[in-house]
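Notes follow once the structure below has been shown.
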Amino acid sequence: VRIMEKQVLESSEERTFQYQGSLPSLPVPPLDESLSKYLDAVKPFLNQEEYQRTEDIVKKFQNGIGRELHQKLLERAKTRRNWLEDWWLNVAYLDLRISTQIHCNMGGPGPYIEHCWPPKEGTQIERACVNIWHTLKYWDLLRVEKVPIERSGNAVLDMNQFRMLFCTCKIPGVTRDSIGSYFKTETEGECPSHLVVLCRGRVFAFDVMHEGNMVTPPEIFRQLTYIQKRCHSEPDGPGLAALTSNERTKWAELREYLIDLDPKNLTLLEKIQRSLFVVCLDDSSPHATPEDYTEITRLGLTGDPTVRWGDKSYNSIFFSNGTCSAFCDHSPFDAMALITMLSYTEKKIIESDGKWKGSDKVRDIPWPEELVFTVDQKLKNEIGRTKELYYKKVSDLQLVNYAFTAFGKALIRKRKLHPDTFVQLALQLAYYKCHGRPGCCYETAMTRRFYHGRTETIRPCTVEAVEWCKSMLDPSDSSYQQLQLMHKAFAKHNKMRKECESGKGFDRHLLGLLLIAQEQGLPVPELYVDNAFTASGGGGNFILSTSLSGYTRFSGSALPMVHHGYGFFYSIRDDRIVTTCTSWKSCPETDAEVLCRTVFQCFQDMLQLTVTAHL
């Protein structure tokens, strides 16, 4: 489903959000089905005795408290088109108190170095203005609802996340954050139309509409050049943006302090929150090649915190050598919405050879205004402390972003294998090789065929996958046996993906039952405190946190879910597989570089197997 093949229908009359009212509600799967899938998923992590115990716990749950909670969940689902939506937003994102900028944000490199824009000093502003202009054109399309509706086969997909690409920002709260989203379509009314630019610790803003017309690349060039010249010839600003990288409660308290210091500061904060997106002019020059994006990706995710607004739904980062990156708060949308937009802008940039071919005329538009915050010594000290903490934390990150170039989707499909499953099973095998045990794994499936649907968890570490891994490491097994087991593992994974996409997964269902218990003030059911629950990844304990970022030139990434785990993200193209692997240096048993290289070896071994076994 995540191929996202756009069937731009002949009737271009379709409006982006026209089917939002008629999408099906998110279903609640039957309790017995979810529990039997859960039992199947925990098997690889338990011995016979432990499994027996877990089976008893599950049976007890199914016939007792679980049944009551399930009934209450069905009641909740009767009055809501998406019973999970508010809960998920809170539990997965807004209730978190850690630094979300470090641990939850997602980012990825622009692939322009592969065609129009090889790294080149002195191109930062001219490339930025072309890129920004195409992004603004997309905003324009979205406002008039001309962005094509995405489909999976014939099923219309929910388009709600696209509203969050622009004019959206997370706002820190002392116990729970909130999301401010100010985007409006033309029919709905006025929409904010200014950009915020961060450069050398300072904050600027300018409007992209002038006398009813959008600014052109030469006009954006003039605005950005003005900002850059001033920043490069005057002292650095206080770097207030760094505060967004704090733990959430700390940032909420500092934000309150900032507002109490001077009410004007609130107006400025709101100006950032409401802005279309944030443009970051970063002084770094990351080295990059089409086979190795590591440095751009690392700086995009964990670069200078004074030129990122960590809470903004979209930060467009431009480095001084003309390379670029995206950096996003994850709470308002999942990566696919962003990638759809970025692919559109890339297509347009390629069509015009990365240049602006229109008029060079520059109207007399107002110069950018600087947002000058009132800060005192306490805040300056806090900014200093925050930066120090931030750099200490991110220096512990190990990240590699490499392209595997021996083959890609074309050859995998030729072997009648599903490309996503191919990568997931290679990862299972690689983890097994590196660590000598199965690795509990979270893969994102999308549930966008339902109203406001977002994600479900596929658990790729199946009994079938583990059987196959063991066989691959057993020299006495024939390649024919290994291939048979591999096909079984593929079939199981493909079946799970289909189920998850059609609302028949079990992770969100189990979460719902737990949250009902919490809301009713009931004790946490035994199922959730059983060792099997955590050992198999439940409660956010997945060792492998993974996601396919589609079949385009864009790849995204994020940090591991747990300290002894990995983040593993990949995009699959016709001729290559581009992977990003992250881990923590302070964990002695994980090594992102080694895992990534082992995955590449497993790609080769798996393809080889499909050849050898047939000889």
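Over the chain, what per residue volume does the convex hull of the Cα atoms give, in whole Å³?
So the per-residue Cα hull volume is 160 Å³.
Compute the acute angle (0 to 90°) between the alpha-carbon long axis of helix 263-274 and the principal axis of greatest extent of the alpha-carbon atoms of the chain; round to the nearest 10°.
60 degrees
Would you list which aspartates and glutamates come within 12 Å of LYS414, measuring only between C-alpha atoms, while excluding same-chain residues fewer than 8 positions from it?
By straight Cα distance, LYS414 reaches ASP574.
How high is the relative contact order of the range 268-348, in percent, with contacts defined as C-alpha pairs under 8 Å that are six or more residues apart?
30 percent.
Angle check, please: helix 217-233 long axis (alpha carbons) against the longest principal axis of the chain (alpha carbons), in degrees 0 to 90, nearest 10.
Orientation of helix 217-233: about 80 degrees from the principal axis.
With +1 on each Lys and Arg Cβ and -1 on each Asp and Glu Cβ, and nothing else charged, work out how big the dipole of the range 135-175 is about its Cα centre, in Debye to the nearest 20.
100 debye
Of all accessible surface on the chain at a 1.4 Å probe, what whole percent is carbon and sulfur?
52 percent
Taking the Cα centre as origin and putting +1 on Lys and Arg beta-carbons and -1 on Asp and Glu beta-carbons, what dipole magnitude results for the range 15-98, to the nearest 20 debye?
It works out to roughly 400 debye.
With contacts defined as alpha carbon pairs under 8 Å and 6 or more residues apart, what's the relative contact order of the chain in percent?
Rounded, it is 21 percent for the chain.
So if I take the centroid of the Cα atoms in the range 34-78 and the same for the range 106-164, what is the distance between those two points in Å?
So the separation of the two Cα centres works out to 43 Å.
Report the one residue of ALA491, TRP468, THR457 whose Cα lies farthest in the direction of the positive end of the charge dipole of the range 451-513 (charges on C-beta: Lys and Arg +1, Asp and Glu -1; origin at the Cα centre).
THR457
In the range 98-203, which GluC sites (Glu not before Pro) are in a loop and have at most 14 other Cβ atoms within 10 Å, using DSSP for the loop call?
Sites meeting the loop and neighbour criteria: GLU121, GLU186, GLU188, GLU190.
May I ask what percent, to the nearest 5, of DSSP beta bridges between residues of the range 224-349 are antiparallel?
50 percent
Using helices alone, I'd like the mean residue ellipticity at 222 nm for the chain: each DSSP H run of four-plus residues gives -39500 (n - 2.57), total over residue count, nearest 500.
Rounded to the nearest 500, it is -13000 deg cm²/dmol.
Among the trypsin sites (Lys or Arg not before Pro) within the range 407-465, which fall in a DSSP loop and have no more than 12 other Cβ atoms within 10 Å of their own Cβ?
For trypsin sites (Lys or Arg not before Pro) across the range 407-465 that sit outside H, G, I, E and B with at most 12 neighbouring Cβ atoms in 10 Å, the list reads LYS416.
Could you list the trypsin sites (Lys or Arg not before Pro) in the range 326-387 that lie in coil according to DSSP, counting only those with at most 15 other Cβ atoms within 10 Å of their Cβ?
LYS355, LYS357, LYS361, ARG363
For the chain, with only Lys/Arg (+1) and Asp/Glu (-1) charged at the beta-carbon, what is the dipole magnitude about the Cα centre, in debye rounded to 20?
Dipole about the Cα centre, nearest 20: 680 debye.
Express the accessible area of the chain per residue in Å², computed with a 1.4 Å probe while the remaining protein chains stay in the model.
On a per-residue basis, 39 Å².
Over the range 178-244, what relative contact order in percent results from Cα pairs under 8 Å that are six or more residues apart?
Relative contact order comes out at 30 percent.
Students often forget the sequence filter, so: which lysines lie under 23 Å Cα-Cα from LYS264 once same-chain residues fewer than 8 apart are removed?
Partners found: LYS170, LYS250, LYS312, LYS378, LYS380.
Give the percent of DSSP beta bridges with both residues in the chain that are antiparallel, rounded to the nearest 5.
Expressed as a percentage, antiparallel bridges in the chain total about 75.
Which one of TYR38, LEU84, THR100 has its Cα pushed farthest toward the positive end of the charge dipole of the chain, where Lys and Arg give +1 and Asp and Glu give -1 at the Cβ?
Positive-end residue among those listed: TYR38.
On C-alpha positions alone, give me the angle between the axis of helix 377-394 and the longest principal axis of the chain, in degrees, nearest 10.
Computed tilt is about 40 degrees.
Hey, which lysines would be in cross-link range of LYS409, C-alpha to C-alpha under 28 Å, not counting anything within fewer than 8 residues on its own chain?
Answer for LYS409, where 28 Å is the Cα cut-off: LYS6, LYS347, LYS348, LYS433, LYS470, LYS488, LYS492, LYS495, LYS498, LYS504, listed by chain and number.
Given THR249, VAL208, GLN223, which one lies farthest toward the positive end of the charge dipole of the range 202-273, if we put +1 on the Cβ of every Lys and Arg and -1 on the Cβ of every Asp and Glu?
Going by the charge dipole, the pick is GLN223.
The values are calculated or read from the model by the stated rules, or taken from the named source; none is laboratory data. Since we're looking at a predicted model, the values are computed, not measured. Cβ: placed from backbone, ideal geometry, glycine included. Neighbour counts: every protein chain shown. These area figures cover heavy atoms from the full protein model, side chains too; ligands, DNA and RNA do not enter into them. Shrake-Rupley method; radii C 1.70, N 1.55, O 1.52, S 1.80 Å.
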